[in-house]
Structures are given as structure tokens and as C-alpha cells.
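Let me begin by presenting the structure, written as C-alpha cells, before commenting on it.
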Amino acid sequence: MQLEQFKYDNKIVKYFAIATVIFGVVGMLVGLIIATQLFLPQLNFGIQYTTFGRLRPLHTNAVIFAFVGNAMFAGVYYSMQRLLKTRMFSDKLSWIHFWGWQLIIVAAAITLPLGLTTSKEYAELEWPIDIAITLIWVVFGINMIGTILKRRERHMYVAIWFYIATFVTVAVLHVVNSFEIPVTLFKSYSWYAGVQDALVQWWYGHNAVAFFLTTPFLGLMYYYLPKAANRPVYSYKLSIIHFWSLIFIYIWAGPHHLLYTSLPDWAQSLGTVFSIMLIAPSWGGMLNGLLTLRGAWDRVREDPVLKFMVVAVTAYGMSTLEGPLLSIKSINAIAHFTDWIIAHVHVGGLGWNGFMIFGVLYWLVPKMWGTKLFSTKLANTHFWLGTLGIIVYALPMYTAGVVQSLMWKNFNAEGFLEYPNFLETVTQIVPMYMMRAIGGLLYFSGVIIMVVNLMKTAKQGKFIPDEAAEAPALEKKKIVGGHWHSVLERKPVIFTSLTLVAILIGGVIEMVPTFLIKSNIPTIASVQPYTPLELHGRDIYIREGCNNCHSQMVRPFRSETVRYKGEYSKAGEFVYDHPFLWGSKRTGPDLHRVGGAYNNVWHFNHMLDPTSTSPGSIMPPYPWLYRQQIDATKTAGKIKALRTVGVPYEEGYEDVANADLKEQAMAIKNDLKESDIDIPETAEIVALIAYLQRLGTDIKAESTANK
Amino acid sequence: MNIIRKFKHKTSALMVAILMLLGTKTYAQSATGSGISQETMLYITFGLVFVVSLLVLLVAIYVLQLLKTFIRKEMSAEQLAKYEAEPSWFAKLWASWNDLKPLEEEEDILLDHDYDGIKELDNHLPPWWKGLFYVTIVYAVVYLLIFHVFETAPLQEERYEREIAAADALKASQEAGLVVDFDENTVTATTDAVELADGQKFFETQCALCHKADGGGLAGPNLTDKYWKNGGSMSDIYKVIKNGVPNTAMISWESQLNPLRMRNVASYVMTLQGTNPPGALPPDGELYEPENE
């Protein structure tokens, strides 16, 4: 057999690794800022671009797509070349991928603070950026599949399976969830409405966790952990079983984000049971990782790389047990909308993703610079700071979640809410928000130590941009027999197709009936489309990211219908909501029944200075809403776009809509004037008040009818 | 010092949590319902919590083992040898539950895979893991059967209706035997100190959300001056509390308060007249002068 000479591309890995570190620092710093804003709301310095509502999406996007995303690409580009014994398919595509991805990140960092957002969690970026993401992702896919096709290794190793599943599924998720109708260059409305939008969004959101934060990292684990430990992977059989069961089952579990909402019961139940069935497949990955370390535990004591990986895999096991438990409805009833969920995702994010990335970086940098780690001692310091940081972060958040939830639900002996004032339940947990910020600070300082350590390591070595390697070419010959799965492992196209089938089934079964069968969303005759002014108000609500702290979903519990003084939310109430705004966290109270609950003056004063009406509130003031004017020239575009996606505005209404807008605005202006408040009817606050006063009121004109 | 104070706060918060857990428990037990009663659901929930705690305990033990591994680094060779001579009960259990092959026999199950130097073993699936997978699948099937095929357990809408019915029943039983000798037109203000205190307590927890604890007004109007939007007589105030005011945030309290308490609250509101609290809202509505005292 003749050996072929070729070179591994380390330069692209280096660039992705550097981007990982930079955006890791940025993303965590933003996290630290918003964590602090929760007990120090003044920290936005009165600037509209730095409020919690706008920075929170920046934090999640930066950490998920910039930090974890770049780390994924660095890890994949390094391991894939070596596992397939070839250089990447195309250097040009590699670099388009790299620079394209960084441009997308920069675009996100600019648009999100500007309030250009779709409001859909982890999919906030507006439509032009969505298109860019699609293109770059396809570039990544072509590069990856091309590399697989020109491989010199007959079979694909388990890490490659996970990379394939990642590419295929993220592509499907992103495209389906990003269906939206553009209004302007940076404004669009979701194609779907209400319950359907919620289902699509959480199918996406949940599986972004599955296929952006989990499967690629399992792939990385399968390469870097046995490499670092120098041990054989524990069980090939376990790899096969847990891979296929994981990707098949994961996709079904999205509805567990919507338990006790207006989503049809059957879809909720599917979310619950598939989440429970997900425990074993997830733990399969953890077990295969931990058991691979059998006989190498003495090395775990010495080697910071392995230390980080062991804690990462353990955190993975913990959060993949906790996730299914949170999907049990009676537990979800307590945990949903609280800080428990924040604790949960951060055990996964800081523990699994963060520590895995640190482990990989500590292994990768010395390798690529042909040297040893600058300081094991510093790496160990980082390890302990990080571990302590996670604990100090998570414990107060768990406590905060449970305490606040029980306060929300507690009735006294006379049948009244013990804490009718929502704010009371917030001030109770503010000390825990402070603790959490300390935890974040510890974790962050560990990262800074890592940056120094890695820079010093690089400095003492010499970077190897192209690493020489050799391997025999893959012979063209027919192989028959072997383990059934090893047949698949040498047929990448069939393998990829089967992966696609596996991940499509769950989504199709849950979504198609919700879209097609009318009884899933009983219509309510009195529910009408928003007026033009309310539409403007709703877009301001979206721009300011109100949905990051306020839900619009009164769940069917007595504690909620009493607290929010109205019926629980019905599926038919959201049919004109493009996008849905149910939210996922109640840092402030639910707003679905806020319409008519307070007068216009109250809203006016509250938004100008929340503490004037609610002493102790941690909501920031929004003074710019009083200076800025709505742009009535956009009304027609909004109405036309919404009509395209099915909202029944009459043909031609867009031409006269601004008259209605003015009339409604004048009414609010005049009402405010009676209390000696003078504000132009075009001020943004007027539109926002109009929207808030409309919320949840249609149903009060009670005439429920199942059409 | 700061941290200690925060810890104290946390422990006290935990205590609150536990107390409140007890609170909800006693409350939930008094509720009734057909089919699976709330009580059974409660036991199921407690069962679940128990299982969760057990699992958390297991994870904790595991983490401890991990810590021990790190600490062993510090031991001398002699100590270590002694320590490792006898495998712990945990190690034995771990080996048997996972069906682990002794490391020395690993060669036998080494597959001929070699990916950039990574080799793979052909170990069995851990038996307990397989068992766990089967149990979760059975759980899923049973769950769907119970809720969607045989429909023996209530879904969320029905559970909500039961919760409300239970609360109504509780209220009815509390109000049975009340003697009410007035209606909304004949009601008069009470001067009894105990009854006024009862009204005050209610006012300060519920009404204060909109009217401010001193009655000076927030989202709702000022109740301390002579200007009223819906009349200022005892009967007028009682009617507003009882029936609410349409198209405003003032809801009807009739379904939640019995007539005696509504009278106590209205009477307390009357006592706020002329208190002139600081920061009160300006007058709103029409001047009302009591006709006769």
C-alpha cells in the first residue's frame, strides 16, 4: 500500500480557537452585567441600548453561537481532519465559514442592542442575518461532507456521527423556525402565530440545546477525552445505541417548554414522556465518557484537561437528569417561569459546555504550538474557581426559584394569596441574585486566568500551521458483511439520510396536526386583530425585549387566575400573535391580563419610573419612550405583511389605518391630559400603553364559540 | 462578613420555603375531588420528590468519590497502597452493576478500530442503564394510556376546575352559619375595634396594591378626601367593593369576601376620611358631603 502525504490545516483551528476565547470573555462579561442589573437596575446608565431586555438576548446569543459555536468549529475542524485522515475538503470554504460566522456575530452584537429582534429565544436575529446564517451553515456542511467523502479512513468514528447529526438538524431547525415575512430591512413577523409559533419556537429552542450544545460536544468528547486519557472508548455498542436513541428522542421533547400552557394536551404529554425517555440515551454518553477513564483515574488527578472533562461530563449527566424531571408536569408547575430554570441551563452551560471547551483548549493549544502547557498550577486554579463559581451560581438560583414559586402559589387559610403583590416575591430573592453574580464573577475570573495561561503557552511554543501526516488512500473495493452498523459507517450519504429521517419524525408528528386540525386551537369569536396603534406598541414591546422578563401566559392554576384577575390563557386568544410572546421567565408579573387592570396614567408613570408606582421594583425606567415618536409611515407595511401571513385585515385597510391610529392615540393623549400630563400623541409610550391596555381583553367580551 | 450575612439570609429563605411547603400541604389535603384525589396526587408528588432526592444523593456520593480521587493525589505512596488494597463497597457495587470486565482482560474485547490512535472496546451495555431505559419506556406508555386512552386521570383543564371547586367548597363551609342582618342598601359602618382591625388588615394586604396602604391612591383613586367617583356613603362604598366598577381595575370582591368582611373593609375605608396622608393623589370625582351623621 502506498502512503500518501498530506497536511492537516491547523491555522483554521487556531483562528476558531482565538474567536472562542474572545467571544467567551465578551459573552460572559455581558452575562455578568445583566446579572448585576437584576439587583442594580441603574447599571444600564439610562441608555436604551443597554437595558436588560436588549442585553439578555445578546448574552445568550454570544455565549451559544459565538463562544460555544466557535469552540465547536475549532474542535470539529481539528478532530475531523485527523479522524478521516485528510485535510479539510476546501481551505477556501473553511475561511468563508470562519469569516462569515464572525461577521454574523458582529451583526448580532450591533443589531440586538439596537432592539432589532424577532423576540424568539435564541433566534432573535432578524431576517437578513437569518439568511446569512443559513448560507454559512451550508458552507460548513459542504466542507464537512466533502471532507468525509474524500477520507482515507474506511469507517466513520462515532464523533463524526455526532457532527453529521449536528449539521443536518441545526439546518432543519433554523430554516423552519426562521420563516418570517419581512416588513422592512430589519423587521419581520413570524410566519406562524400563537400556539403554532410557540410550538415551532420551542421545537427549535429545545433542539438548539440538543444539536448545538449537546451533540457536537458529545462528538468532541469522543475525540478529546480518549485522546487525553489515552484509553480505549468503553463501549462501541453503547455508542451506537445512545447515538440513535438520542437523536430520535430528543426532537420530540420540545413541548416540555410549554407545559400547562394553551398548547393542546396531547402535545404536552408527548413532550413529557419523550423527555423521560431521554434520560437513558443522554446518560449513555456520560457513561461512555466516564467509563473510558477506567484505569486512568490516577491521570485525572494530575491532568487539568481530564479534570475539566470529568466535571463537564458529570454536569452533563446532572442536567440531563434534571431536564427530564423538570418535564414532569407537577414539578414543572413549580419550576417553570422561575430561576430554577436559569440554574438548570447554567449547570449545563457553565459545566458541560464551558468545562468541555476549557479542557479541549488546554489540550489543543500546547499540541498546536508544539509545547507544554505554560502552567498546570494556573490551570488548576482555573478549575477550582470555575467549579466554585458554578456552585455559587446554581445554589442561590435553585433556592430563589423554589422560594419564589411557593410564594406565588401560597394561599392563606382564608383563601387569599399570601403574597398578592408580585413585587414582594421579587424583593425576597434579590439577595440571591447578588450571590449569583458573585458565582458568575468567580467563573469569569477563572476564564481570565485561562486566557493568560493560553497566551503564555502560545508564546513559549511555535505555531505549526500545517501538520504533516501520511496515510494510504482508500482503496475502491466492495466490502461485504461485518457488523450491521459498520456497513452504515462506511456509507456517509445513507448515514446522513437516516439521520435526517430520525430527526424529522418527531417534529412532523407534533407540528402537522397542530397546524392542520382546527380543534387543537378552538377559535374565539370576540378575538380581533390588533389596531394599527397597538401594532406599533407591540413592536415597541418586542424591541425593548419586555418578553425577557414578562410572560403572557396565565396558566390554569387558581394561584394564577386569582393573581392575574382573569381567566387562564386560551389558545384561541393568540391567533393573531405574530410572533407569540408567551415568554419563558417571570422576573416581573405576567401581563396577559394586564389590559384594563391599570389606568393610562399608571402606565405612563410606571414606565417613566417604575419605582414611583411600585417601590422596590427592579425594572429600569424607559424615558426614551417619551422622547421618541412612532413612524406612522410604517403602518401600511406592517398591515400588509400581517395580512400575507393570514391576519384578516380588509383589503385596502392599510391606506386608512393611520386615521384609526390617530384617533386611538388622541383618546389616550386626552385621557392623560385630564391628569395634567401633556404628551404628543405620536410618542412611543402612547402606542405601548394602547397595546398593554388591549392585552387579554378580547375574551372579556365573552362569546366563546367553537366554530 | 458580607457572605455570612447572605448565607444567613439564604438559610432563612430556606426555612420559609420549608414552612410554606408545609402550608401548601395542609391546604391541599383539605381539597377534595373525584377520580384521583388531590391527596393521591400529593402523595405521588411527594414520591417523586423522594425519588429526586435519592438521585441527588447518588450524584452527591459520586461527586464525593470524585473529590476523594483528587485528594488521593496528596497521599504518600504508603498510604495509597493501603488505601487501594481493599476495593470499597462502592467500587464493588459499581463493578457489578456495570458488568465491568476486569482491566486485565480488556485485550479480549478490544476491537480492531483505530481512529487517529483511538481504540474501542466491545463492552456490554451497562445492565442498570438498559433497565433504566426500559423503565422510562414503560413509564411513557403507561402515561399516555392513563391520560389519553383510558382518560382515568384529569388533564389540566379538569384539574383546574376541580381546584376552583375545592376552593369554593372551602369558602362555603367557612361561611356556613354566618348571620347577616343587612344588605347593600341597609348596611351601616361598624365601630367595633376588632371588626375595624379586620377590615384594616384586609385593606393593607389587598386594596393597598392600588390604593396605597394609607389610602392616598396609586393606580386606584385617593380614598382619603371628600371626592368620590361612585359616591361616598357607606352603602356606595360597600357596593363598589361588592360589585366592582366596570371597565376599571376595581374587581368585584363578592366571590371572595363574605358580607361581614366587605362591611368591615368599607367601614375601615370610611375611617380614612380626612387623614390627609403625604403624597396623596389629587381629588377625583364628585364632592360628597354626608347628609346626616
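Odds and ends about this structure:
- Flagged links, alpha-carbon separation over 19 Å, of A:Lys662/B:Lys229; B:Lys68/B:Lys92; A:Lys237/B:Lys101; A:Lys11/A:Lys491; A:Lys227/B:Lys68: A:Lys662/B:Lys229; A:Lys11/A:Lys491; A:Lys227/B:Lys68
- Per residue, the convex hull spanned by the Cα atoms of the range B:193-287 amounts to 90 cubic angstrom.
- Label-point separation, B:Ala77 to B:Val52 (7 Å along Cα→Cβ), nm: 5.0
- Whole-number percent relative contact order across the range A:532-701, with pairs defined as alpha carbons under 8 Å at least 6 apart: 35
- Ordering B:Val141, B:Ala169, B:Ala153 by the projection of their Cα atoms onto the charge dipole of the range B:131-176, which places +1 on the Cβ of Lys and Arg and -1 on the Cβ of Asp and Glu, puts B:Val141 at the extreme positive end.
- Computed from the alpha carbon positions, the gyration tensor of the range A:74-197 leads to an equivalent ellipsoid with semi-axes of 32, 16, 11 Å, biggest first.
- Across the range A:15-80, the volume of the C-alpha convex hull divided among the residues equals 66 Å³ per residue.
- The range B:81-188 - charge dipole about Cα centre, Lys and Arg +1 at Cβ, Asp and Glu -1, debye rounded to 20: 400
- FRET efficiency, 1/(1 + (r/R0)^6) with R0 45 Å, evaluated for A:Arg154 and A:Gln42 via beta carbons: 0.10
- Helix-only mean residue ellipticity at 222 nm for chain A, each DSSP H run of n ≥ 4 adding -39500 (n - 2.57), per residue, nearest 500: -20000 deg cm²/dmol
- Extreme residue, positive dipole direction of the range A:318-466, given options A:Thr371, A:Leu325, A:Phe422 (C-beta unit charges): A:Thr371
- Spread of Cα-to-Cα distances over 10 Å intervals beginning at zero, given as percent, for the range A:247-380: 12, 33, 28, 16, 9, 2
- Counting, for every residue in A:295-301, the Cβ atoms of other protein chains within 10 Å of its Cβ and taking the mean gives 3.
- The Cα center of the range A:332-388 and the Cα center of the range A:263-289 differ in position by 25 Å.
- Relative contact order, whole percent, for the range A:3-510 stands at 19, derived from Cα pairs under 8 Å and 6 or more residues apart.
- Extension gain (nm, one decimal) between A:Trp484 and A:Leu103, 0.36 nm per residue minus Cα-Cα: 132.9 nm
- Carbon plus sulfur fraction of accessible area for the range B:131-176, probe 1.4 Å, in percent: 66
- Scanning residues 5 or more positions from B:Glu120 or on other chains, those with amide H under 5 Å from its amide H are A:Val233, B:Leu111, B:His113, with H placed 1.01 Å from N in the peptide plane.
- Stokes-Einstein, applied to the Kirkwood radius of the range B:140-185 over Cα pairs at a viscosity of 1.306 mPa s and 10 °C, places its translational diffusion at 116 µm² s⁻¹.
- Inter-label distance for A:Ser612 and B:Lys201, nm, one decimal - labels placed 7 Å from Cα along Cα-to-Cβ: 3.6
- Here the accessible area is traced with a 1.4 Å probe on the protein chains. For the range A:532-701, carbon and sulfur cover 54 percent of it.
- Hydrodynamic estimate: the Kirkwood radius of the range A:240-283 over Cα pairs, inserted into Stokes-Einstein at 25 °C and 0.890 mPa s, corresponds to D of 232 µm²/s.
- Contour excess over end-to-end distance, with Cα ends at A:Leu516 and A:Gln5 and 0.36 nm allotted per residue: 178.3 nm
- Rounded if a/c under 1.5, otherwise prolate or oblate - the range A:368-497, Cα gyration tensor axes: oblate
- Given A:Lys585/B:Lys171; A:Lys92/A:Lys476; A:Lys377/A:Lys456; A:Lys92/A:Lys187; A:Lys187/A:Lys518, the pairs whose alpha carbons are separated by over 23 Å: A:Lys585/B:Lys171; A:Lys92/A:Lys476; A:Lys92/A:Lys187; A:Lys187/A:Lys518
- Number of partner chain Cβ atoms within 10 Å, mean per residue of A:154-162: 2
- Using alpha-carbon coordinates, inclination of helix A:684-694 to the longest axis of chain A, degrees: 80
- Comparing the range A:586-707 with the 2.2 N^0.38 Å rule of thumb, its C-alpha radius of gyration ratio is 1.20 (two decimals).
- Extended-chain gain in nm, criterion 0.36 nm per residue less alpha-carbon gap, B:Asp168 and B:Val135: 7.9 nm
- Heavy atoms of the protein chains alone define the surface here; on that basis the protein assembly as shown has 41 Å² accessible area per residue at 1.4 Å probe size.
- Share of carbon and sulfur in the accessible heavy-atom surface of the range A:301-412 [1.4 Å probe, %]: 73
- Candidates per GluC sites (Glu not before Pro) in the range A:637-707, loop by DSSP, up to 16 other Cβ within 10 Å: A:Glu650, A:Glu651, A:Glu674, A:Glu702
- Listed peptides A:65-77, B:197-209, B:248-260 by packing density, highest first (mean Cβ within 10 Å): A:65-77, B:197-209, B:248-260
- Measuring with a 1.4 angstrom probe and ignoring ligands and nucleic acids, A:Lys329 comes out at about 30 Å² accessible.
- For the range A:138-184: rounded, prolate or oblate by the Cα gyration tensor [a/c cutoff 1.5]: prolate
- Taking amide H as placed 1.01 Å from N in the peptide plane, the amide H of A:Glu180 sits under 5 Å from that of A:Trp191, each at least 5 places away or on another chain.
- Distance distribution note for chain A: the fraction of Cα pairs above 41 angstrom is 30%.
- Within the range B:193-287: Cβ-based charge dipole about Cα centre, in debye rounded to nearest 20 (Lys, Arg +1; Asp, Glu -1): 140
- Label-to-label distance for A:Asp631 and A:Ala296 is 5.6 nm, based on points extended 7 Å past Cα in the beta-carbon direction.
- Tensor-based shape of the range A:249-312 (alpha-carbon gyration tensor, a/c under 1.5 rounded, otherwise prolate or oblate): prolate
- Label zone at A:Asn380 (point 7 Å along Cα-to-Cβ), backbone N below 17 Å, the range A:205-243: none
- Ranking by accessible area, most exposed first, for A:Ile160, A:Ile133 with a 1.4 Å probe: A:Ile133, A:Ile160
- Under 11 Å, Cβ to Cβ, from B:Pro126 - net charge with Lys/Arg +1 and Asp/Glu -1: +1
- Between the range B:157-205 and the range A:422-495, the alpha-carbon center distance in angstrom: 61
- Surface burial for B against A, with a 1.4 Å probe and both sides summed, reaches about 7900 Å² of accessible area.
- Remark: chain A carries a charge dipole of roughly 3300 debye about the Cα centre, counting +1 on each Lys and Arg Cβ and -1 on each Asp and Glu Cβ.
- A simple rule links phi to the HN-Hα coupling: the Karplus curve 6.51 cos²θ - 1.76 cosθ + 1.60 with θ = phi - 60°, which for the range A:79-89 gives 6, 5, 4, 6, 6, 10, 6, 7, 6, 4, 3 Hz, with x for Gly and Pro.
The values are calculated or read from the model by the stated rules, or taken from the named source; none is laboratory data. Please read these numbers as outputs of a predicted model, since none were measured by experiment. Neighbour counts are summed over all protein chains in view; Cβ atoms, including those assigned to glycine, are modelled from backbone coordinates with ideal geometry. All accessible areas refer to the heavy atoms of the entire protein, side chains included, with ligands and DNA or RNA removed. Shrake-Rupley method; radii C 1.70, N 1.55, O 1.52, S 1.80 Å.
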